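To start, the structure under review is shown below, and the notes come after it.
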Amino acid sequence: MQTRQAVDYVHNIVRESGTSFYWAMRLLPQKKRDAIFAVYAFCREVDDIADAPGEELNKLRLLADWRLEIDRLFCGCPKLPVSIALVGPVKKFRLRKETFLAVIEGMELDARPSVRIPTITALEEYCDRVACAVGRLSNQIFGVDENLGEPVAVALGYALQLTNILRDLHEDAEENRLYIPDEMLSARGIKSPDVKCIISHPNFPEICGELATITRKNFQDAELALSRCNRKQMVPAIMMMQNYSRILDKLIKRGWRRLGEPVSLSRAQKMWLIMRYALF
């Protein structure tokens with residue numbers, strides 16, 4: 001496959017994903033836009049492997065294939081469309097091999113038939129792999145100084161992923177997944193092996209409230225870190241922060257006893273964010 005075809009391929013993945021940040025990313029200069037689309041497509045590919053139905057061994061085999069593909073990418077001989085599209089960005093923006101591998105490592109946890117997180121430290125490590133690592137790749141593409149960008153990647157990565165975890169509690173329970181650390185559950189006297197029993201326990205809302213407080217603090221830290229950066233460079237990150245912080249607000253307002261009640265931003269709210277932070 002030729003490079004232009006590969007770039008068109010990743011653009012199509014992003015466009016069809018329905019992400020509300022498609023138009024914000026489109027406003028980036030072409031080379032940065034092509035690069036961020038390729039990174040997004042890579043994340044989408046490995047995430048789809050982890051989330052797809054099927055045997056754990058087969059998922060791990062497919063993720064191992066991606067490890068080999070990342071090796072080929074950094075040796076200059078990729079085979080897959082997404083990694084072919086990444087060749088230029090890796091060279092131009094000096095994207096790091098270990099950051100791509102960190103994302104894959106995070107997806108290997110999600111590929112398991114059941115997910116449990118033992119400690120808060122383990123949760124932070126998971127968030128670092130699946131979210132902060134993506135922030136690091138994005139910062140390199142945006143052209144942010146690493147000393148300024150790293151605090152954004154960490155704080156915003158934690159905030160986004162914790163919001164996802166709080167939003168998807170009911171859906172994850174259906175897949176036998178729980179990302180709330182066991183040590184937080186034990187501290188509230190929750191020790192059931194059954195995820196659905198855990199999230200319906202009368203003490204579980206207290207844990208969600210505690211985690212929501214931690215998440216809000218991470219958003220505040222991210223906002224402070226972003227204030228030290230060139231905001232024009234960081235428009236997509238700012239939009240992610242604004243979008244997800246509003247989702248967290250809605251989750252807190254809904255409460256933690258109606259976990260099956262979905263929370264999201266309306267199309268009008270998303271368009272307002274695009275108009276405010278991307279166009280203006």
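The values are calculated or read from the model by the stated rules, or taken from the named source; none is laboratory data. All values derive from a computational prediction rather than experimental measurement. Positions of Cβ are generated from backbone atoms using ideal geometry, with glycine treated the same way; all protein chains shown enter the neighbour counts. Please note that ligands, DNA and RNA were not included when accessible areas were found on the heavy atoms of the full protein model with its side chains. Shrake-Rupley method; radii C 1.70, N 1.55, O 1.52, S 1.80 Å.
Taking the Cα centre of the chain as the origin and placing charges on Cβ (Lys, Arg +1; Asp, Glu -1), which of Ile120, Asn139, Leu60 is farthest toward the positive end of the dipole? Most positive-ward Cα: Asn139. A Cβ-based charge dipole, computed about the Cα centre of the chain with Lys and Arg at +1 and Asp and Glu at -1, lands at about 1240 debye. Magnitude of the charge dipole for region 1-72, about its Cα centre and with charges confined to Cβ atoms of Lys, Arg (+1) and Asp, Glu (-1), is about 500 debye.
Compute the relative contact order of the chain as a whole-number percentage, counting only Cα pairs closer than 8 Å that sit 6 or more residues apart in sequence.
Once normalised by length, the contact order is 18 percent.
Dividing the summed -39500 (n - 2.57) terms of all DSSP H runs of n ≥ 4 by the residue count of the chain sets its mean residue ellipticity at 222 nm at -22500 deg cm²/dmol.
Under 5 Å from the amide H of Arg177 lie the amide H atoms of Val115, each residue being 5 or more positions distant or on a separate chain, with H modelled from the backbone and absent for Pro and chain starts.
For region 53-108, the list of GluC sites (Glu not before Pro) that fall in a loop by DSSP and count at most 13 other C-beta atoms within 10 angstrom reads Glu55. Where the accessible area of region 1-156 is counted over protein heavy atoms with a 1.4 Å probe, how much of it, in %, is carbon and sulfur? Of the solvent-accessible surface of region 1-156, carbon and sulfur hold 52 percent. Charge dipole of region 108-267 (Cα centre as origin; +1 on each Lys and Arg Cβ, -1 on each Asp and Glu Cβ, all else neutral): 660 debye, rounded to the nearest 20.
Length gain on complete extension for the stretch Asp47 to Arg258, per 0.36 nm per residue less the alpha carbon to alpha carbon distance? Provide the component values of the computation, followed by the final result.
Details: separation 211, 0.36 × 211 = 75.96 nm, distance 2.70 nm.
Residue separation times 0.36 nm, minus the Cα-Cα distance, leaves 73.3 nm.
Relative to the longest principal axis of the Cα atoms of the chain, the long axis of helix 146-167 lies at roughly 50 degrees.
Residues of region 124-280: accessible area per residue at 1.4 Å, in Å²?
48 Å²
In terms of overall dimensions, region 176-280 has a Cα radius of gyration and Dmax of 16.9, 50 angstrom. Normalised by the number of residues in region 23-100, the mean separation of alpha-carbon contacts (under 8 Å, six or more apart) gives a relative contact order of 32 percent.
Can you give the FRET efficiency to the nearest 0.05 for Asp65 and Glu206, using r as the Cβ-Cβ distance and R₀ = 51 Å?
The formula returns an efficiency of 0.75 here.
Listed by chain and number, the lysines placed with their C-alpha closer than 27 angstrom to that of Lys59 are Lys79, Lys97, Lys196; residues fewer than eight positions away on the same chain are left out.
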